[in-house]
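Enquirer: One structure follows; several queries about it will come next.
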Amino acid sequence: MLKLARQSDPGFAAVVRALETRGDEDLGAVEAAVRGILDDVRKRGDEGVLDACARFEHRRPSPLVRTFDGEAALARLEPAAREALRFAAARIRTFHERQWSDESFVYADGGARLGTRVRPLRRAGVYAPGGKARYPSSVLMAAIPAQVAGVREILVATPLSGDAGDDALLAAAHLAGVERILDAGGAQAIGALAYGTASVPRVDIVVGPGNIYVACAKKLVSGHVKIDGIAGPSEILVVADDSADARVVAADLLSQAEHDEAAYPLLLTDSEALAQAVVAEVEVQLASLPRVAIARPSVDRQGYVLVVQGRDALAEIADRLAAEHLALHVREPHALLDRITAAGAAFIGSNTPEAVGDYVAGPSHVLPTGGAVRFGAPLGVYDFVSRTSLVEYDQATLAAQADAVCALARLEGLEAHARAVEVRLGRR
């Protein structure tokens, strides 16, 4: 059952502090094992990947990287599913094409030319989990922004089952412009993408969610390769006042609870009556939910209803919790949103379920979790580009700025820096 915590309770502040630090997931419990897998992949390449697949996936995929017939996979889907994937892919692409405004620029500053060159990364790796559920939507949400950015090759890493269950994922990969699949999961797939092997080309960025082993592997390879972030359990913060419908709020909370036993379904409200009604309604809806075995632990362990006093407290606590998904079931939701800085994706008004963001709205649903939206951002086209600073001086401009450059170089004790300027001007 959802746990009630009221602002007037002595323990309320401690509950909020604990929720604020929910992102402090202990990767240390698996780090030694993950580091061993990564080291083996780095040293032995394909054989390291295959041995890890044999240990953890109980198979040795051959070939490790394969092409696939995406059109055939798409055709095998039920018509409704096929058209839904096409519909989602088109909307995701349309949104991210509008996002592509990060362009190169050059400007003249006297006799200097300064600017930034923006270029797409050469190769991206998209991790697609193969555990409790397959998420073709995540393939669309991660690979389409890369395609829009102009990435030349996108490789999806996922353990294939070899049966019809693969079709939805392969169809999504096809619609997102993916041509090859790395048939492996877990830390070994992350290592293969980050380091490269005889079969697996080294990528420039690895994106996509996974379990704690995948999250730890992404943390450890960061620096060898760019990553989108370290994803933790999914979460939703519903902010509601007495105008909200308890049935709708409960449905939103359970839409996250059914993802994972570790998910966070959180309600923040200034209405005691709504709080009580939602607690009861969640129990009613849980009784008929097919994934109750997953949703029940999420509700019981991480589910909270925080009852506060007034709209100011709604804004303050919501900002502190910095949720991956923020759903606003309040009067004047835009005015409240203006007071909340940190949120991964905001679902504004009671007609906007988080599910539309998961599938068809357009923005990527790959979002920072655990409070990381304080400094992070949704996955976007901007993640799949590199930037180069452009600096070009003529001699007159160098001469005009030489004294300042040399003074700063000598202030820092870097004589060779100063001489590199002076030798060009005949001063040495």
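Enquirer: On the basis of being of a type in the set (Asp, Glu) and exposed (fewer than 15 other Cβ atoms within 10 Å of the Cβ), does residue 358 make the cut? Walk me through how you get there before you give the answer.
Expert: Working: of a type in the set (Asp, Glu): yes; exposed (fewer than 15 other Cβ atoms within 10 Å of the Cβ): no.
So residue 358 fails the test.
Yes/no matrix, rows are residues, columns are (1) touching a helix residue (DSSP H, G or I) at 6+ places or on another chain (Cβ under 8 Å); (2) of a type in the set (A, V, I, L, M, F, W, C):
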position	(1), (2)
120	yes, no
136	yes, no
153	no, no
168	yes, yes
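The rows are residues; the columns are (1) touching a residue at least 12 places away in the same chain (Cβ under 8 Å); (2) surrounded by 13 or more Cβ atoms within 10 Å (Cβ to Cβ); (3) closer than 30 Å to residue 97 by Cβ.
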{"residue": "383", "(1), (2), (3)": "yes, yes, yes"}
{"residue": "400", "(1), (2), (3)": "yes, yes, no"}
{"residue": "408", "(1), (2), (3)": "no, no, no"}
{"residue": "425", "(1), (2), (3)": "yes, no, no"}
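Enquirer: Name the helices (runs of 4 or more DSSP H) wholly within the stretch 39-130 that hold at least 2 residues that are at pLDDT 95 or above and closer than 22 Å to residue 219 by Cα?
Expert: Values: elements: 46-56, 70-76, 79-99.
Filter on the stretch 39-130 gives 46-56.
Enquirer: Within the stretch 168-199, how many residues are closer than 22 Å to residue 216 by Cβ and of a type outside the set (Phe, Trp, Tyr)?
Expert: So the count comes out to 15.
Enquirer: Same structure again: Given the structure, is residue 165 part of a helix (DSSP H, G or I) and modelled with pLDDT under 95?
Expert: yes
Residues checked against (1) in the same structural domain as residue 257 (by TED's automatic domain parsing); (2) within 28 Å of residue 373 (Cα to Cα); (3) not aliphatic (A, V, I, L, M):
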{"residue": "12", "(1), (2), (3)": "yes, yes, yes"}
{"residue": "16", "(1), (2), (3)": "yes, yes, no"}
{"residue": "19", "(1), (2), (3)": "yes, yes, no"}
{"residue": "35", "(1), (2), (3)": "no, yes, yes"}
{"residue": "39", "(1), (2), (3)": "no, no, yes"}
{"residue": "42", "(1), (2), (3)": "no, no, yes"}
{"residue": "45", "(1), (2), (3)": "no, no, yes"}
{"residue": "50", "(1), (2), (3)": "no, no, no"}
{"residue": "55", "(1), (2), (3)": "no, no, yes"}
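Enquirer: Taking the stretch 132-170 as the search range and keeping residues that are among the acidic types (Asp, Glu) and in contact (Cβ under 8 Å) with a residue 24 or more places away in the chain, which one is surrounded by the fewest Cβ atoms within 10 Å (Cβ to Cβ)?
Expert: Looking at residues that are among the acidic types (Asp, Glu) and in contact (Cβ under 8 Å) with a residue 24 or more places away in the chain, I get 153.
Enquirer: Let me ask something else. So in the stretch 1-24, with the set limited to residues that are surrounded by 17 or more Cβ atoms within 10 Å (Cβ to Cβ) and assigned to a loop (DSSP other than H, G, I, E, B), which one is modelled with the lowest pLDDT?
Expert: Step by step, filter the stretch 1-24, then rank; the result is 23.
Enquirer: Go through (1) touching a residue at least 40 places away in the same chain (Cβ under 8 Å); (2) on the phi > 0 side of the Ramachandran plot one by one and return the number of the condition residue 58 breaks.
Expert: Checking residue 58 against (1) touching a residue at least 40 places away in the same chain (Cβ under 8 Å); (2) on the phi > 0 side of the Ramachandran plot, the one that fails is (1).
Enquirer: Given the criterion more than 44 Å from the chain's Cα centre (by Cα) and not assigned by TED's automatic domain parsing to the domain that holds residue 204, identify the matching residue among 400, 345.
Expert: On the way: 345 fails: more than 44 Å from the chain's Cα centre (by Cα).
Criteria check complete, one pass: 400.
Enquirer: Report whether or not residue 27 is under 18 Å from residue 127 (Cβ atoms), at pLDDT below 95 and not acidic (Asp, Glu).
Expert: Details: under 18 Å from residue 127 (Cβ atoms): yes; at pLDDT below 95: yes; not acidic (Asp, Glu): yes.
When the stated conditions are applied, residue 27 passes them.
Enquirer: Which one of these is outside any helix (DSSP H, G or I), modelled with pLDDT of 95 or more and under 17 Å from the mean Cα position of the chain (by Cα): 139, 156, 151, 178?
Expert: 156
Enquirer: Which of the residues belonging to the stretch 367-381 are surrounded by 23 or more Cβ atoms within 10 Å (Cβ to Cβ) and touching a strand residue (DSSP E or B) at 6+ places or on another chain (Cβ under 7 Å)?
Expert: 367, 369, 379
Enquirer: Let me ask something additional. Give 114, 64 a once-over and let me know the one that is hydrophobic (A, V, I, L, M, F, W, C) and in contact with a helix residue (DSSP H, G or I) (Cβ under 7 Å, 6 or more places away or on another chain).
Expert: Just a single option satisfies the conditions, and that option is 64.
Results for (1) modelled with pLDDT of 95 or more; (2) closer than 15 Å to residue 5 by Cα; (3) touching a strand residue (DSSP E or B) at 6+ places or on another chain (Cβ under 9 Å), shown as yes or no for each residue.
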| residue | (1), (2), (3) |
| --- | --- |
| 269 | yes, yes, yes |
| 277 | yes, yes, no |
| 281 | yes, no, no |
| 284 | yes, no, no |
| 304 | yes, yes, yes |
| 308 | yes, yes, yes |
| 312 | yes, no, no |
| 323 | yes, no, yes |
| 348 | yes, no, yes |
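The values are calculated or read from the model by the stated rules, or taken from the named source; none is laboratory data. Everything numeric in this text was worked out from a predicted model, so none of it was measured. Please note: Cβ atoms are built from the backbone with ideal geometry, for glycine as well, and neighbour counts cover all protein chains shown.
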